[in-house]
Amino acid sequence: MMTSAAAAASPMSVIPIIDFAPFLTGNADDKQRVAKAILAACKGSGFLYLSNHGVPQTQIDGIFAAAKRFFALPLEERMKVVSNGSRGYRPYGYFQKEGSDKVPNLMEHFIFQRDLPADDPDIVAGRRIHALNKWPENLPGWRETLLSYFDAMEKLSASLLRAFALTVDLEENYFQQFFRKPTSAMKIFHYPPQPPATQTKQVGLGSHFDDTAVTILLQDNVGGLQLETDTGWIDVTPIPGTFVINIGEVMARWVNDLFVPTPHRVINVSGLERYSVPFFALPDYNAIISCVPTCRGPGRPPKYTPQPAAFFQSRAFRDQNWRARHKKSA
């Protein structure tokens, strides 16, 4: 694929807007129509806008306000909850752009997962994938705002997974068995303004594929998210009232690459600060990810060996998968 720094505005034929209300409140025929629209989007760009999703605007406004509160704190305050793994604050330069130059990305973020009690069996056992979240002490109500939004995303992701089950002719609740104690995560990103002259050398977030089942992204109106198509990079232009949905590696393995993840990145040349909030729907730690029955058969064997969900969150897998997927998309 082309890798030019410039990107065109995204036509709706490439990234469709899908009304989710008929799936949430409609009959079986309504659900099938939505599922078919999602299937077409996934076979196309791998991205879609989701409207009428049921998450109130007050909650969306609240999570953006919470993001700005945290990143407005002095650095020394943010560093009090710095991440030592999969929880907490990650300062500028935590991730690096793909390639030999290893230029740090121009972003910072805060990450958390389901809030488990200290006596949870997985916490007591010391499993890395389940750990205590880190919360700042000087932001009253902040934790509650984030956890409320997280709960809303878990509910929406469960509905999306039911829709994805219908796209491949499975029972609607098929994927729920893999999400009894999910390892889903949420991040709050802050991107500073980036001088246009730096965009070919340094980006907000380098090109990558998600390792999720489904990603639900809330982006502000600044823009900067881009996805790669056969003709080059295009902007995922913010549309008020919508989430941006894309699939990740776990879903691709389930459907035997019927549809696959799409490379995407962030370049913030708006001159403004950018905030975004992605939710990553990830299965249970020990769930085995293998090709679903409807996506294999005579002449269509499973392409991948079954793997536990934890495998897809390892750094070794991410590095290996980036090279393999990027080669396929080139």
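In deg cm²/dmol, rounded to 500, what helix-only [θ] at 222 nm does the chain give when every DSSP H run of at least 4 residues adds -39500 (n - 2.57) and the total is split over its residues?
Helix-only estimate at 222 nm: -8500 deg cm²/dmol.
How long is the gain from V82 to V124 if the chain were fully straight, where each residue apart is worth 0.36 nm and the alpha carbon distance is subtracted?
Extra length from V82 to V124 when fully extended: 13.0 nm.
Give the cross-link partners of K181 among the aspartates and glutamates, using a straight C-alpha distance below 12 Å as the criterion and excluding same-chain residues fewer than 8 apart.
Straight-distance partners of K181: D115, D120, D122, E154, D284.
Mind sorting I18, I267 by how few other Cβ atoms lie within 10 Å of their own Cβ, fewest first?
I18, I267
Explain nothing, just the number: dipole magnitude of the chain about its Cα centre with +1 on each Lys and Arg Cβ and -1 on each Asp and Glu Cβ, in debye rounded to the nearest 20.
820 debye
For the stretch 8-329, what is the per residue volume of the convex hull drawn over the alpha-carbon atoms, in cubic angstrom?
141 Å³
Can you find, among V250, Q194, Y49, the residue sitting farthest towards the positive end of the charge dipole of the chain, where Lys and Arg contribute +1 and Asp and Glu -1 at Cβ?
The residue sitting most towards the positive pole is V250.
So which aspartates and glutamates pass the test for K36, namely a Cα distance under 13 Å, with those fewer than 8 places away in the same chain ruled out?
By straight Cα distance, K36 reaches D19, D169.
So which residue, out of V34, V292, V244, gets the largest mean-square fluctuation from a GNM of the chain using Cα contacts under 10 Å as springs?
Between V34, V292, V244, it is V292 that shows the largest mean-square fluctuation.
If the elastic network links every pair of Cα atoms under 10 Å, which of G141, G232, G26 fluctuates the most in the Gaussian network model of the chain?
Comparing G141, G232, G26 in the GNM, the peak value goes to G141.
So what is the relative contact order of the chain, in percent, for Cα pairs below 8 Å that sit 6 or more residues apart?
So the answer I get is 22 percent.
Considering only DSSP beta bridges where both residues belong to the chain, give the percentage that are antiparallel (nearest 5).
90 percent
Dividing the Cα convex hull volume of the stretch 132-184 by residue count, how many Å³ per residue is that?
Enclosed volume per residue, from the Cα hull, is 73 Å³.
None of the figures in this text is laboratory data; all of them are computed from the coordinates on show. All values derive from a computational prediction rather than experimental measurement. Backbone-built Cβ (ideal geometry, glycine too); neighbour counts: all protein chains shown.
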